[in-house]
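Undergrad: Please read through the structure below; I'll follow up with questions.
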Amino acid sequence: MLDAKQNGSYSGPMNKLDREARARILHLLCEGSSIRAVTRLTGVSKNTVTKLVVDAGKACLDYQNKAFVNLTCKRIQVDEIWSFVYAKQANAPIEKFLKGEAGDVWTWTAIDADTKLIPSWYIGDRSGQSAWEFLTDLRASVSLVIAGIAAEGETMVNRVYHLDRGFERLEDKLARCGAAIERIST
């Protein structure tokens, strides 16, 4: 029960797991336990586990965007891996598929062949749009800036944190070549 004080129960603010409990849940998931198994082992609800996974994913992405700058990757290999959510696309209920809650999903990965670091990844379908989204997160994203410099008029490139991973002070370097570049915070 939520209001019963039990030996070893958490008595902090409501809806907030302590650090040890969050670490245990993430450890179990990383070891391959299902969400249902994690809820049985830890006594937390499925919603709590899924919210923790989303929060952990956001924290990892935030870390990756801050730590993966000026990488020295020389050989990047890209690949995609198929999986499914809820059910395979052929067996997924149409209402769940249309809401994006079921069906095939592809994880696009870029891996440094020498260090085995994965500097970029993308989860989506196997469409050209997903490939575009994924590839703009690699060094190819600088080509968007160069194309913008070559184009007539003003060009705005969004989501430039990709560039910060591999190009130190890109604006300064391009300005020395005569480009007029301004980074705008949004």
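The values are calculated or read from the model by the stated rules, or taken from the named source; none is laboratory data. This one's a predicted model, so the numbers in the text were calculated from it and none came from an experiment. Heads up: the accessible areas ignore ligands, DNA and RNA and are worked out on the full protein's heavy atoms, side chains in. Shrake-Rupley method; radii C 1.70, N 1.55, O 1.52, S 1.80 Å.
Undergrad: What are the ³J(HN,Hα) values, in whole Hz, obtained from phi via the Karplus relation 6.51 cos²θ - 1.76 cosθ + 1.60 with θ = phi - 60°, for each residue of the stretch 91-105 in sequence order, with x given for Gly and Pro?
TA: Residue by residue, the stretch 91-105 yields 9, 6, x, 4, 5, 6, 5, 5, 7, x, 9, 8, x, 5, 9 Hz.
Undergrad: For Val54 and Leu41 in one chain, what is 0.36 nm times their gap in residues minus the Cα-Cα distance, to one decimal in nm? Before the final figure, lay out the partial values.
TA: Details: separation 13, 0.36 × 13 = 4.68 nm, distance 1.99 nm.
Net length gain for the segment: 2.7 nm.
Undergrad: Separate question: For the stretch 73-90, just list the computed ³J(HN,Hα) in residue order, Karplus coefficients 6.51, -1.76 and 1.60, θ = phi - 60°, integers in Hz, with x standing in for Gly and Pro.
TA: With the stated coefficients, the stretch 73-90 comes to 4, 9, 10, 9, 10, 10, 7, 10, 10, 8, 8, 9, 10, 6, 7, 4, 4, 5 Hz.
Undergrad: While we're looking at this one, here's another question. When the accessible area of the stretch 62-125 is computed with all protein chains present and a 1.4 Å probe, what percentage of it is carbon and sulfur? If you can, show how the numbers build up before the last one.
TA: Numbers: 2510 of 4430 Å².
In the stretch 62-125, the share of accessible area belonging to carbon and sulfur is 57 percent.
Undergrad: While we're looking at this one, here's another question. Count the lysine pairs in the stretch 37-138 whose Cα atoms sit under 15 Å apart, keeping only pairs 8 or more residues apart in sequence or on different chains. All intermediate terms of the calculation are to be shown ahead of the outcome.
TA: Numbers: Lys58/Lys66; Lys74/Lys116; Lys88/Lys96; Lys88/Lys99.
Eligible lysine pairs with Cα atoms under 15 Å apart amount to 4.
Undergrad: Amide H neighbours of Ser120 under 5 Å, at least 5 residues apart or on other chains, H built in the peptide plane: list them.
TA: Ala110
Undergrad: List, in order, the whole-Hz ³J(HN,Hα) value for each residue of the stretch 54-60 obtained from phi through the Karplus relation with A = 6.51, B = -1.76, C = 1.60 and θ = phi - 60°; use x for Gly and Pro.
TA: Whole-Hz 3J(HN,Hα) from phi for the stretch 54-60: 4, 4, 5, x, 5, 5, 5.
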